[in-house]
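Contents: one structure, followed by commentary.
The values are calculated or read from the model by the stated rules, or taken from the named source; none is laboratory data. Quick caveat, the model's predicted, so the values are computed rather than measured. Positions of Cβ are backbone-derived with ideal geometry, glycine not excepted, and every protein chain shown enters the neighbour counts.
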Amino acid sequence: MVKKCASYNIGLQKIATDKGSFLIQVLFTLIVISAGILVQLNLVQWGIVALSSFIFLSTGFYRSAAHIVTRLDLTMSIGQAVRLKAMSNFMLTVTAGVSFFTYLIVFVPKINQLL
């Protein structure tokens with residue numbers, strides 16, 4: 001994937017701003033970080049949230065890159081493009097679900113303490 005992005009001159013800025021999907025993930029991550037500050041997470045909880053957020057953002061970055069490559073690579077068959085997009089969408093969906101579950105595990109006890 002890195003070689004394909006390099007051959008089509010796809011940089012970090014182009015991937016990050018493609019159709020806004022990655023920016024939505026960044027916004028969601030900023031909301032999670034703000035909530036962590038608000039409920040005063042401890043060091044272990046911050047580590048869990050940071051790791052989960054990093055994996056979530058990484059798969060979103062991969063998804064955006066895959067979608068750009070499928071648009072630009074004319075040698076790729078339609079079947080290959082569909083499989084690549086489906087794989088990247090599936091990876092992001094699974095990662096988002098795991099991240100959301102992890103955030104619930106971390107934040108719900110803290111919110112209960114505040115109430």
**Item:** Residues located in segment 54-74, provided they are closer than 13 Å to residue 26 by Cα and either among the hydrophobic types (A, V, I, L, M, F, W, C) or in contact with a strand residue (DSSP E or B) (Cβ under 6 Å, 6 or more places away or on another chain) (or both)
**Value:** 54, 55, 56, 57, 61
**Complete:** Taking segment 27-49 and keeping only residues that are loosely packed, with under 15 Cβ neighbours inside 10 Å and farther than 18 Å from residue 111 by Cβ, one is left with 27, 30, 43, 47
**Request:** Consider residue 24 carefully, then state whether it is under 17 Å from the mean Cα position of the chain (by Cα), modelled with pLDDT of 70 or more and farther than 27 Å from residue 113 by Cβ.
**Result:** yes
**Prompt:** Looking at 96, 66, which one is surrounded by 18 or more Cβ atoms within 10 Å (Cβ to Cβ), in contact (Cβ under 8 Å) with a residue 24 or more places away in the chain, under 21 Å from residue 19 (Cβ atoms) and of a type in the set (Gly, Ala, Ser)?
**Reply:** 66
**Prompt:** Can you tell me which of 47, 79 is without any contact (Cβ under 8 Å) to a residue 12 or more places away in the chain, part of a helix (DSSP H, G or I) and over 24 Å from residue 97 (Cβ atoms)?
**Reply:** 79
